[in-house]
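Asks: Sharing a structure here in structure tokens format.
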Amino acid sequence: MGISKAEQIILKGISGSPGICIGKAYIVDREGVNITKRYPVSDALVPNEIDRFKQAVLKAKNDHAKVIDSLDKDLGENLNILETHMVLFKDKMLYGKTIETISKDKINAEWALRKVSRKVKIMFQKIDDVYLQARVNDIVQVSDKIMSYLVGAQDIKISDINKRVIIVAHDLSPADASQIQLERVKGFVTDRGGKDSHTSIIAKALRIPSVLGLGIATINIESDDFLIVDGSSGTLIINPDEDTLFKYEERMVKLEEYRAGLERDSHLPAVTKDGISLNLMANIELVEEVVAAKDYGAIGIGLFRTEFLYLDLKRFPTEDELLCKYKELVEFMSPQSVTIRTLDINGDKVNPYLTSIEEANPSLGLRAVRFCLENEDIFITQLKAIFRAAAFGNIKLLIPMISCVEEIIQVKQVMNKAILELEYEDKIFNKDIPLGVMIEVPSAVMIAENLAEHVDFFSIGTNDLIQYSMAIDRSNRMVAHLYQALNPAVLKMIKMTYDAAEKKCIDLVMCGEMAGDPMNIPVLVGMGLTNFSMNSASVPIVKRLIRNLDTKKAKNNVEKIMKLNCVQEIFDFILEEYKDILPFGEVDE
Ligand code: PEP
Ligand code: MG
């Protein structure tokens, strides 16, 4: 590999997923489509501006026609949608009004298009007709297409990348990240993003190094620049000098050896030094990850994030499609259990193909169970598929983002409707499956004892529990320093949830990323937690720590930790007490 003569630049960001990769940059920046400036256009230049708009429409339309021609004619409804888009390109509401706005307001074509498409969207959303409301998506997609030609942005598809590169993007949505083909992408870096965002969770699942929240990476990097991504420390080196490159190549080799050693031990049981057996399960996003989960020594799937199937399909799957996936998963894992979490869509997992909701605060909006209760048909379809799959293996049902008792009562009512439909349809199913709720909103912690009356288990989702209790957006790099798993407030909430589960004799699991970080394990085990689910690549390293841990010491230490004042004190205490068994430094020179 040749080294560029350009000057070396080092940028610090947030660790998205650990590991090191070295390679050439491949810039993917779709933000151009969204960043549109308003500027005035003189009378004399209005015709040019209109012409520019017409040219963009023509190009977008021609491209779209090519896509339709290349498609299989049996695509049914999907083909209809694309043909509808063809008509929308020249629709009076969008096309005619944009031209009118350019000449009336004397503004640039981008701003006029943006103004008109927003107006049309609002107008459609007000109409009380589900079909027409769904057409909003078509308008968004068509105007986005035209906009990308206007601003000269390339619509790069991540799945189309055909060489081994490191992706550099302003932002990558979790759905974008899930499109990454492992044989073509070594790693990725982004300007935006925060710790334990869903994008970082996908990177961990793919086991590719990533650094997020770099702020200015896309400004500093040109396509084909040479990069070193150190996902473990959150460092990006652009055009490294020879010494740095040599140092990182050596570290990469050591890291590989270290990981291979860990993986060799991954099938040893997760039993502490004093003989306490713990359960380590895996979090997965796609059914395909299940093989890796088993290889890493997970003893079940503690969290199946079902929304990625919906996000990738770009439409709502049918009951039979869902059943097929769930059945494959539970049969593969049987007799071990699979916890299927119902759709946790919106928040940062929004997809314009699925919902046309625009919210000022998406994380506080119609996300997860809130969306499902508003869209009962979609919820019932998923529940029916889960009950049917439960006839083939060991399934637990998990509901995300419960914030009050009423919601779980409502969920049970919808579950009953799903069961009645299955009975009526004479389908084979199993309704006797454990029901659990995610504890990931502070209100759920406060009413954990009440919630426990209605369910069989709790699953603590620390990713959101930290986000909502510290009031920080987990994908915002500006507040990433406040994303503190070991903050005394977070630890107290975990303890309260544990106590409520103990008192009410229901099971408790932790499935947030906190469970996959060895640094946190002594505290969690010391509190009494015994069930953990994590990204599968973390299972071996957490297992190794557990095998060296003494639970009596961990219990004593937790009493001291709970009296400490701030995260730094807690961090230092853990580092000092467990320095002999924590994995830090094992891979450094
Ligand atoms: C969590 O919030 O901790 C969790 C496991 O769910 P997700 O990361 O999908 O929001
Ligand atoms: Mg969550």
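Asks: Going by the structure shown, is Arg192 at pLDDT 85 or above, charged (D, E, K, R) and closer than 30 Å to Asn108 by Cα?
Replies: Working: at pLDDT 85 or above: yes; charged (D, E, K, R): yes; closer than 30 Å to Asn108 by Cα: yes.
Yes; evaluated as a whole, the condition is true for this residue.
Asks: Please work out which residue is farthest from ligand 1 (Cβ to nearest atom), limiting yourself to segment 425-448 and to residues that are in a loop (DSSP other than H, G, I, E, B) and under 11 Å from Ile402 (Cβ atoms). Explain how you work it out, then say what you get.
Replies: First, the residues of segment 425-448 that are in a loop (DSSP other than H, G, I, E, B): 425-434, 440-441, 447.
So of that shortlist, the ones also under 11 Å from Ile402 (Cβ atoms) come out as 440-441, 447.
On the way: Glu440: 5, Val441: 9, Ile447: 18 Å.
Per the criteria, the residue is Ile447.
Asks: Could you run through segment 179-194 and say how many residues are within 22 Å of Thr462 (Cα to Cα) and either buried (at least 24 other Cβ atoms within 10 Å of the Cβ) or among the aromatic types (Phe, Trp, Tyr) (or both)?
Replies: Step one: filter segment 179-194 for residues within 22 Å of Thr462 (Cα to Cα), giving 192-194.
Then drop every residue that is not either buried (at least 24 other Cβ atoms within 10 Å of the Cβ) or among the aromatic types (Phe, Trp, Tyr) (or both), which leaves 193-194.
So the answer is 2.
Asks: Here's something else I'd like to know. Which of (1) within 14 Å of ligand 1 (Cβ to nearest atom); (2) polar (S, T, N, Q); (3) surrounded by fewer than 23 Cβ atoms within 10 Å (Cβ to Cβ) does Ser334 not meet, given it meets every other one?
Replies: The single condition Ser334 does not satisfy is (1).
Asks: Shifting gears a bit: Can you pull out the residues in segment 485-509 that are among the charged types (D, E, K, R) and closer than 22 Å to Asn565 by Cβ?
Replies: Going through segment 485-509, the residues among the charged types (D, E, K, R) turn out to be 492, 495, 499, 502-504, 507.
Once the filter is applied, which keeps residues that are among the charged types (D, E, K, R) and closer than 22 Å to Asn565 by Cβ, segment 485-509 yields Lys492, Lys495, Asp499.
Asks: Quick check: anything in segment 450-465 more than 16 Å from ligand 1 (Cβ to nearest atom), β-branched (Val, Ile, Thr) and touching a Gly at 6+ places or on another chain (Cβ under 8 Å)?
Replies: Yes, segment 450-465 has at least one match.
Quick grid of which residues meet (1) closer than 20 Å to Val437 by Cα; (2) within 22 Å of the chain's Cα centre (by Cα):
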{"site": "Pro240", "(1), (2)": "no, no"}
{"site": "Asp265", "(1), (2)": "no, no"}
{"site": "Asn279", "(1), (2)": "yes, no"}
{"site": "Glu288", "(1), (2)": "no, yes"}
{"site": "Leu322", "(1), (2)": "no, yes"}
{"site": "Ser337", "(1), (2)": "yes, no"}
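Asks: Checking the condition under 26 Å from Leu465 (Cα atoms), away from ligand 2 (no atom under 16 Å from the Cβ), aliphatic (A, V, I, L, M) and crowded, with 23+ Cβ neighbours inside 10 Å, which residue from Ile395, Ile433, Ile439, Ile409 passes? Before the answer, list the steps.
Replies: Working: Ile433 fails: crowded, with 23+ Cβ neighbours inside 10 Å; Ile439 fails: away from ligand 2 (no atom under 16 Å from the Cβ); Ile409 fails: crowded, with 23+ Cβ neighbours inside 10 Å.
Exactly one of Ile395, Ile433, Ile439, Ile409 is under 26 Å from Leu465 (Cα atoms), away from ligand 2 (no atom under 16 Å from the Cβ), aliphatic (A, V, I, L, M) and crowded, with 23+ Cβ neighbours inside 10 Å, namely Ile395.
Asks: Ok, one more. Could you tell me which residue of segment 55-66 is modelled with the lowest pLDDT, considering only residues that are surrounded by fewer than 16 Cβ atoms within 10 Å (Cβ to Cβ) and not acidic (Asp, Glu)?
Replies: Per the stated criteria, the residue is Lys66.
Asks: Pairs only if they're at least six apart or on different chains, beta carbon under 6 angstrom, first in segment 449-463 and under 14 Å from Met401 (Cβ atoms) and within 10 Å of ligand 2 (Cβ to nearest atom), second modelled with pLDDT under 95 and not in a loop (DSSP other than H, G, I, E, B); list them, first residue then second.
Replies: From segment 449-463, the pairs are Asn463/Glu513.
Asks: What are the residues in segment 360-381 that are within 16 Å of ligand 1 (Cβ to nearest atom) and crowded, with 21+ Cβ neighbours inside 10 Å, if any?
Replies: Answer for segment 360-381, where residues must be within 16 Å of ligand 1 (Cβ to nearest atom) and crowded, with 21+ Cβ neighbours inside 10 Å: Arg367, Ala368, Val369, Phe371, Cys372.
Asks: Pull out all pairs, ordered by first then second residue, where Cβ-Cβ is under 7 Å, the residues are six or more apart or on different chains, the first lies in segment 401-415 and is of a type in the set (Gly, Ala, Ser), and the second is within 16 Å of ligand 2 (Cβ to nearest atom).
Replies: Qualifying pairs under 7 Å: Ser403/Val441; Ser403/Ser443; Ser403/Ala444.
The values are calculated or read from the model by the stated rules, or taken from the named source; none is laboratory data. Since we're looking at a predicted model, the values are computed, not measured. All Cβ positions, glycine included, derive from the backbone under ideal geometry; neighbour counts span all protein chains shown.
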